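*Asks:* Attaching a single structure in structure tokens format; questions to follow.
The values are calculated or read from the model by the stated rules, or taken from the named source; none is laboratory data. Since the model is a prediction, treat every value here as computed from it, not as a measurement. Positions of Cβ are backbone-derived with ideal geometry, glycine not excepted, and every protein chain shown enters the neighbour counts. SASA here: full protein model, heavy atoms, side chains in, ligands and nucleic acids out. Shrake-Rupley method; radii C 1.70, N 1.55, O 1.52, S 1.80 Å.
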Amino acid sequence: QVQLIESGGGLVQAGGSLRLSCAASGDTWTYCNMGWFRRASGKEREFVAAISCNGANTYYADSVKGRFTMSKFNALNTVYLQMNSLKPEDTAVYYCAAGRVEGWPRSDMYDFWGQGTQVTVSS
């Protein structure tokens, strides 16, 4: 099993930046493919970014590409999402996820999920 705890969310004005962190514990050697998803109020959960176990491959949704950067620090079992040039449409609860499979991310590829952290971007 893997436990995931997100942090770093908050309120920011449009154009600002936030850095989200996801601390993982448990069988992170097996469930080492990591993803970030978000769910805006009243909307479906959507993919944001993902990174492979070794960090060599990253994937980004078109809506965030060039603005968000995902990285990982394996020694601390932690992944990050650096969010720049934030837009009001980025407002959502952001979830960290862990899974066994690498590929273009879908939510059903992930086995474990964090509790989420709220990101609010004001107009």
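*Asks:* Over 23 Å from V121 (Cα atoms) and not in a strand (DSSP E or B) - does that describe any residue in segment 31-41?
*Replies:* The answer is yes, given that some residue of segment 31-41 is over 23 Å from V121 (Cα atoms) and not in a strand (DSSP E or B).
*Asks:* Another one. Please go through segment 55-86 and pick out each residue that is in a strand (DSSP E or B) and of a type outside the set (S, T, Y).
*Replies:* Correct list: K65, F68, M70, K72, F73, V79, L81, Q82, M83.
*Asks:* Have a look at W29, W36 and point out the one that is under 14 Å from A92 (Cα atoms) and out of contact with any Lys or Arg (no Cβ under 8 Å at 6 or more places or on another chain).
*Replies:* Result: W36 is the single residue among W29, W36 that is under 14 Å from A92 (Cα atoms) and out of contact with any Lys or Arg (no Cβ under 8 Å at 6 or more places or on another chain).
*Asks:* Further question: Kindly provide the set of residues from segment 1-16 that are of a type in the set (V, I, T), open to solvent by less than 60 Å² (accessible area, probe 1.4 Å) and closer than 26 Å to P88 by Cα, ordered by number.
*Replies:* Answer for segment 1-16, where residues must be of a type in the set (V, I, T), open to solvent by less than 60 Å² (accessible area, probe 1.4 Å) and closer than 26 Å to P88 by Cα: just V12.
*Asks:* Right, something else. Quick check, is E102 open to solvent by 60 Å² or more (accessible area, probe 1.4 Å) and either touching a Phe, Trp or Tyr at 6+ places or on another chain (Cβ under 6 Å) or touching a residue at least 60 places away in the same chain (Cβ under 8 Å) (or both)?
*Replies:* Against the criterion (open to solvent by 60 Å² or more (accessible area, probe 1.4 Å) and either touching a Phe, Trp or Tyr at 6+ places or on another chain (Cβ under 6 Å) or touching a residue at least 60 places away in the same chain (Cβ under 8 Å) (or both)), E102 qualifies.
*Asks:* Take E89 and decide whether it is under 22 Å from S122 (Cβ atoms), at pLDDT 95 or above, surrounded by 15 or more Cβ atoms within 10 Å (Cβ to Cβ) and of a type in the set (D, E, K, R).
*Replies:* When the stated conditions are applied, E89 does not pass them.
*Asks:* Those residues that are outside any strand (DSSP E or B), of a type in the set (F, W, Y) and modelled with pLDDT of 95 or more, I need them from segment 92-119; list them, please.
*Replies:* Residue satisfying the conditions is Y110 alone.
*Asks:* While we're here: Just checking, how many residues over segment 69-109 are among the aromatic types (F, W, Y), over 12 Å from the mean Cα position of the chain (by Cα) and within 17 Å of Q3 (Cα to Cα)?
*Replies:* So the count comes out to 1.
*Asks:* Among the candidates R19, R38, R67, which residue alone is basic (K, R) and exposed (fewer than 15 other Cβ atoms within 10 Å of the Cβ)?
*Replies:* Sole residue among the options that is basic (K, R) and exposed (fewer than 15 other Cβ atoms within 10 Å of the Cβ): R19.
*Asks:* If we scan segment 70-81, do we find a residue that is closer than 18 Å to T120 by Cα and open to solvent by less than 70 Å² (accessible area, probe 1.4 Å)?
*Replies:* yes
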